[in-house]
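Novice: Structure below; questions to follow.
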Amino acid sequence: MTSPTLLRLDQLDEALAVYDGFILDLWGVLIDGYETFPGARAWLERRAAEGKPVWFLSNASRDAEGMAEELVKLGVPRELFAGVTTSGQLAIDAFLKDPTFTQGGIYLSGPGTGQVGWPAVIRERFVDDIDQAAIILGVGSFPEDELEARFAPLAGALDKPFLCANPDRNVVSGGLPCYAAGKLADRFAELGGAVTWYGKPDPYAYRCAARELGERGASRLLFVGDSLVTDVPGAVAAEIDCLWLAATGIHREALGLEFNQEPTREGLEALLDQHGERPRFAAAGLA
């Protein structure tokens, strides 16, 4: 299997100059949920100065506009990115347009704090009792010790469809490891339940972002992500070149790296061998 080209931080701009548009993951690439990584913001500023559009693609279960507003609060002004596609927005579109999901109560398996910006016509269907629900909606992330309590109601509702609006299994938020809705969805599916996934690694999510960049004149695209579970496989399936960041996201601890520490090829190989798809490039982070 081909090894990715390993780039030092000072090689990034020159090596990636051939691309005229970029799709970026958020958590582990630009933010940790509470702060923006300074090096990544500086990287965005240089792309904006070059006139190269950036589109964010996140498995966050927020609506797209709500996520954009949150980024502005975190110090990422709108002029640094063209827009956002979120798993939450893709799920919203399904609730509004797919006849299968336009009726019935919706039970949230996650915290639900990210759904305040969802359309009222959907939010008014949210119910606290899973027995009153026609659909289970997986959203957000939560502390690892809440996994069993959050899954318990789902185990007796395997006949209901599970819509997963955050396919991540593990996330790092504010430096702390958490589980995300994808962890619940995996177990639900293992017990025989039906899960519909929205977001990465589904190639459709990447194509949505690519279409937006295409409308802005970008055709040579690069995706930047931190996950070998969702980000890289999805980019490969969508046939978009991928830069994997090893030292800012979910794999940093497993690799034994400090934040933005330059990895070695030997240090990366063992982890890469555990996953089926490989990125074209690898680096510590953005700078």
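Novice: Please work out the C-alpha center-to-center distance from segment 228-287 to segment 139-198 and express it in whole Å.
Specialist: With segment 228-287 and segment 139-198 each reduced to a Cα centre, they are spaced 24 Å.
Novice: Quick check on segment 83-152: take the gyration tensor over C-alpha atoms, sort the square-rooted eigenvalues as a ≥ b ≥ c, and tell me if it's rounded (a/c under 1.5), prolate or oblate.
Specialist: Oblate.
Novice: Right, next: If each of Arg187 and Glu269 carries a label point 7 Å out from its Cα toward its Cβ, how far apart are those two points in nm?
Specialist: Simple spin-label model gives 3.7 nm for this pair.
Novice: Run through the DSSP bridge list for the chain and note the antiparallel percent, rounded to the nearest 5.
Specialist: The antiparallel proportion sits near 20 percent.
Novice: Which whole number in µm²/s is D for segment 163-287 by Stokes-Einstein, with the Kirkwood Rh taken over Cα pairs at 25 °C and 0.890 mPa s?
Specialist: 157 µm²/s
Novice: Compare Ala185, Ala152, Ala165 in a GNM of the chain, Cα atoms joined below 10 Å, and give the one with the largest fluctuation.
Specialist: Fluctuation is largest for Ala152.
Novice: Then there's this: Whole-Hz ³J(HN,Hα) for each residue in segment 77-94, computed from phi via Karplus 6.51 cos²θ - 1.76 cosθ + 1.60 with θ = phi - 60°, x for glycine and proline: what do you get?
Specialist: Values, residue by residue: x, 4, 5, 8, 8, 7, x, 9, 10, 10, 4, x, 5, 5, 5, 4, 4, 5 Hz.
Novice: Label points 7 Å out from Cα along the Cβ direction at Asp159 and Arg46: separation in nm?
Specialist: With each label point 7 Å from Cα toward Cβ, the separation is 5.8 nm.
Novice: Just how large is the dipole of the chain about the Cα centre, in debye to the nearest 20, putting +1 at every Lys and Arg Cβ and -1 at every Asp and Glu Cβ?
Specialist: 560 debye
Novice: Now, a different point. Determine, from the Cβ-Cβ distance of Glu69 and Leu176 and an R0 of 22 Å, the FRET efficiency 1/(1 + (r/R0)^6), rounded to the nearest 0.05. Write down the numbers at each step before the final one.
Specialist: Details: r = 24 Å, r/R0 = 1.07.
FRET efficiency, Glu69 to Leu176: 0.40.
Novice: Among Gly256, Asn170, Ala40, which residue has its Cα furthest toward the positive end of the charge dipole of the chain, with +1 on Lys/Arg Cβ and -1 on Asp/Glu Cβ?
Specialist: Ala40
Novice: Extension gain Phe151-Asp93, at 0.36 nm per residue separation less the Cα-Cα distance, in nm? Kindly include the intermediate steps, with their values, before the conclusion.
Specialist: Values: separation 58, 0.36 × 58 = 20.88 nm, distance 2.55 nm.
Extra length available between Phe151 and Asp93 comes to 18.3 nm.
Novice: Treating only the Cβ atoms of Lys and Arg (+1) and Asp and Glu (-1) as charged, compute the dipole magnitude of segment 157-209 about its Cα centre; round to the nearest 20 debye.
Specialist: Rounded to the nearest 20 debye, it is 100 debye.
Novice: Any idea what the dipole of segment 141-231 comes to, in debye rounded to 20, about its Cα centre with Lys/Arg Cβ at +1 and Asp/Glu Cβ at -1?
Specialist: So the dipole magnitude of segment 141-231 works out to roughly 400 debye.
Novice: Could I ask something else about it? How far apart, in nanometres, would the label points at Arg207 and Asp10 be if each is projected 7 angstrom from Cα along the Cα-to-Cβ direction?
Specialist: 4.3 nm
Novice: Still on this model: Is the C-alpha gyration tensor of segment 146-206 telling us rounded, prolate or oblate? Criteria: a/c under 1.5 is rounded; beyond that, a/b larger than b/c is prolate, otherwise oblate. Intermediate results must be reported in sequence, preceding the final value.
Specialist: Working: a/c = 2.86, a/b = 1.15, b/c = 2.50.
Oblate is the answer for segment 146-206, as a/c is 1.5 or above yet b/c matches or exceeds a/b.
Novice: Right, next: To the nearest 500 deg cm²/dmol, what mean residue ellipticity at 222 nm is calculated for the chain from DSSP H runs of n ≥ 4 alone, each contributing -39,500 (n - 2.57), summed and divided by the residues?
Specialist: -9000 deg cm²/dmol
Novice: Using a 1.4 Å probe and ignoring any ligands, DNA or RNA, find the accessible area of Arg265 and quote it in Å² to the nearest 10.
Specialist: 100 Å²
The values are calculated or read from the model by the stated rules, or taken from the named source; none is laboratory data. Predicted model only: the values in this text are computed from it and were never measured. Cβ: placed from backbone, ideal geometry, glycine included. Neighbour counts: every protein chain shown. The area values use the complete protein model at the heavy-atom level, side chains included, leaving out ligands, DNA and RNA. Shrake-Rupley method; radii C 1.70, N 1.55, O 1.52, S 1.80 Å.
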